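Below: the structure, in structure tokens.
We did not get these values from a lab; they are worked out from the coordinates using the rules stated. Computed from a predicted structure; not experimentally measured. With ideal geometry, Cβ positions are generated from the backbone for all residues, glycine too; neighbour counts draw on all protein chains shown.
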């Protein structure tokens, strides 16, 4: 399955907006349960997602994106934010970092899958670039995981 440039950007923007919203929601939930250390981790992840979302918005510029309904999105790989089964308000920092890392890895795999299937050279180029950004986030989380012992 290959995307046109506007379709790809619409999918990337939707994924990053969802990631930003979910990370903020998770940070707020952790804060409400006085799990401030984990809340801080998700605030950082919110900041990463927001920066990536804003970068995508800049790239869109004057490109007219399709106005897709939720059922019209064509995901070629799992999206950035995992389900809530792996999330618990009592989660410890190491587990939160692992959850966040898994989310970033899914985003990287999504962009890699798009790049592999892309017919449009610009979609391929952007998907590779976005995958690299997600890889950087994954590597940063790996570094945090090394410093935070498992509970």
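Pairs of alpha carbons in the chain separated by more than 21 Å make up 43% of all such pairs. Summarised in one figure, the compactness ratio Rg/Rh of segment 24-67, Cα atoms and Kirkwood Rh, is 1.24. Helix 5-32 axis versus longest C-alpha principal axis of the chain: approximately 10°, rounded to the nearest ten. Taking the longest Cα principal axis of the chain as reference, the axis of helix 93-117 is set at about 10 degrees. Here each label is just a point 7 Å from Cα along the line to Cβ, and for residue 90 and residue 70 those points are 3.0 nm apart. A Förster distance of 25 Å, applied to the separation of the beta-carbon atoms of residue 29 and residue 102, puts the FRET efficiency at 0.90.
Classify segment 91-151 from the C-alpha gyration tensor, please: rounded if a/c falls under 1.5, else prolate or oblate depending on whether a/b exceeds b/c. The shape class here is prolate. Note on residue 57 and residue 109: the model spin-label points, each 7 Å out from Cα along the C-beta direction, lie 3.0 nm apart.
Of the peptides 59-66, 40-47, 132-139, the ranking by mean beta-carbon count within 10 Å, highest at the top, reads 40-47, 132-139, 59-66. In the chain, the longest principal axis of the Cα atoms and the axis of helix 121-147 are about 10 degrees apart.
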